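Notes to accompany the following structure.
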Amino acid sequence: MVFSYPLFEIPFIGIYLIVLSFVFGAVFASFITCTAWRVVRGEDWMLGHSHCDTCGHELSTADLFPIISYIALKGKCRYCGSKVPPRDLIFEIILGCVFAGTLALHGAVDAPVVAALVLEVLLLGLSLADWDSGVIPNGFLAAILVVWIMTVGFMPEMQAYAIEGLIASGCVGLLMAIATAVIGKVKKTKMSYGPVKLAMCLMLFLRIRGACIAACVAVVLGIIFALVCKSKKRKIALAPVIAIAVIVALLLKDVPMPFAG
Ligand SMILES: [Zn+2]
């Protein structure tokens, strides 16, 4: 444990850590929205350069400060003056708040909180990729598996739940795979198994109780999302639904993951 609970009892340090976590959240949101965008477009996500979507001008470091650059440039491209959609700004603020909230609720900077923050970044990235392209990139799923392996390896409190997580993952995966196959057969279309794989990866972090909660939340959210997507005449993206459902289950303290301390 690096910083523990008593530290948060000192108001100045507690506030400083929470503000710092907001900044980190905004920075990671900026990184992951950009990564998701590049993965979806088949660009090099590690070495590619950010550029304006309208004029194609490469963005300088001054253009890439999360939140600040957007406000300073009044939501416009510095080079061609075209309007930049506020979407990235919104996600930078959201992930900043989620980071700050995770830390504030947990009250410590330790290995579990780091695992939770990494998971939150990955969930934002794959949700955006699915929303934009209808595909959940396998790279994000592999990264989630790595987080799980590290969590089980380094957090003794999570080891006790590993078997339940594997059972939840297997059961949910099997049910979803059958449902996907049946829907595909009825609709006579080729269905994507990306949401099945995502649910299987995330269920590893839950117990049977949490898996049931997540499944109920996902069904309700899925219906709302389906209606929203239908009104917008677009394909439903299941990754944000599954991601939110699993976070709700974790917030209800299903396992000692640090979303809610
Ligand atoms: Zn431009």
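Taken together, the values in this text are just the output of simple stated rules run on the coordinates, not laboratory data. A quick note: this is a predicted structure, and the numbers were derived from the prediction, not measured. As a convention, Cβ positions derive from the backbone with ideal geometry for all residues, glycine included, and neighbour counts pool all protein chains shown.
List of remarks:
- Helix screen, the chain: DSSP H segments with Cα axial length of 15 Å or more and mean Kyte-Doolittle hydropathy at least -1.0 are 11-40, 87-106, 111-133, 138-154, 162-187, 208-231, 239-251.
- Projected label distance in nm at ARG234 and ILE71, using a 7 Å step from Cα toward the beta-carbon: 2.7 nm
- Computed from the alpha carbon positions, the gyration tensor of segment 107-261 leads to an equivalent ellipsoid with semi-axes of 27, 16, 14 Å, biggest first.
- Helical content of the chain, expressed as a calculated mean residue ellipticity at 222 nm, amounts to -22500 deg cm²/dmol (DSSP H runs of 4 or more residues, -39,500 (n - 2.57) each, divided by residue number, nearest 500).
- Loop-located trypsin sites (Lys or Arg not before Pro) in segment 166-261 (DSSP state other than H, G, I, E, B) with a sparse environment of at most 14 neighbouring Cβ atoms within 10 Å: LYS188, LYS190, LYS232, LYS233, ARG234, LYS235, LYS253.
- Local electrostatic count at CYS52 - Lys and Arg +1, Asp and Glu -1, tallied over other residues with Cβ under 13 Å: -1
- Per-pair calculated FRET efficiency, R0 = 45 Å: VAL114 and HIS57 via Cβ, rounded to 0.05: 0.80
- Stretched out straight at 0.36 nm per residue, the stretch from GLU9 to LEU227 would grow longer than its current Cα-Cα span by 74.0 nm.
- Shape call, segment 166-235: gyration tensor on alpha carbons, a/c limit 1.5: oblate
- FRET efficiency for LEU174 and ALA104, using Cβ-Cβ distance with R0 set to 41 Å, rounded to 0.05: 0.65
- Highest-first arrangement of 22-29, 42-49, 84-91, where packing means the average Cβ count within 10 Å: 22-29, 84-91, 42-49
- By definition, a body whose alpha carbon gyration tensor gives a ≥ b ≥ c is oblate when a/c is 1.5 or more and a/b is not larger than b/c, and segment 4-252 fits this oblate description.
- Over 21 Å (Cα to Cα) - which of LYS197/LYS235; LYS76/LYS233; LYS74/LYS235; LYS76/LYS235; LYS197/LYS230; LYS188/LYS235 fall in this group: LYS76/LYS233; LYS74/LYS235; LYS76/LYS235; LYS197/LYS230
- Inter-label distance, nm, simple model (7 Å from Cα along the C-beta direction), LEU47/ILE163: 4.7 nm
- Global form of segment 9-121, assessed from the alpha-carbon gyration tensor, a/c cut-off 1.5: prolate
- Rounded to the nearest 20 debye, dipole of the chain from Cβ charges on Lys, Arg, Asp, Glu: 1360 debye
- Computed from the Cβ-Cβ distance with R0 of 25 Å, the FRET efficiency linking TYR16 to ILE94 stands at 0.70.
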